[in-house]
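Contents: one structure, followed by commentary.
Taken together, the values in this text are just the output of simple stated rules run on the coordinates, not laboratory data. Quick caveat, the model's predicted, so the values are computed rather than measured. With ideal geometry, Cβ positions are generated from the backbone for all residues, glycine too; neighbour counts draw on all protein chains shown.
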């Protein structure tokens, strides 16, 4: 039972962090809102192409925001959202692996914490959600 409480707290904390980064990119685009660091890392040389790519990045940020909300909801409805949580966790691992397509930047110090979360924390959470949500619950009033 204590293990499930810790899992729910972790899902809520991870969800909050993901929501923060989703808002940062979803509403700030490629340049971001600056919630994760400086915004002055690029110059636009083709406004039309930038606008299209910025729109795509905002879409991906919105998806990421949705993943964060799913994790937060999963803290309260673990059994009900088990399948969606497992799918989202697996997709994050796939995304982490995709970072290796940019070999030079994949292990840089600004990316390493995210990479560790994607390739170590998310598989651990996957296993924890897999087993915790399958276990029978004690008490009828316990959250689902």
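Things worth noting here:
- The number of residues in segment 18-51 that are in a helix (DSSP H, G or I), surrounded by 10 or more Cβ atoms within 10 Å (Cβ to Cβ) and without any contact (Cβ under 8 Å) to a residue 40 or more places away in the chain comes to 9.
- Residues of segment 63-111 classified as touching a helix residue (DSSP H, G or I) at 6+ places or on another chain (Cβ under 6 Å) and either surrounded by fewer than 12 Cβ atoms within 10 Å (Cβ to Cβ) or in a loop (DSSP other than H, G, I, E, B) (or both), total: 2
- Odd one out for residue 6, checked against (1) surrounded by 16 or more Cβ atoms within 10 Å (Cβ to Cβ); (2) over 16 Å from the mean Cα position of the chain (by Cα); (3) under 19 Å from residue 130 (Cβ atoms): (1)
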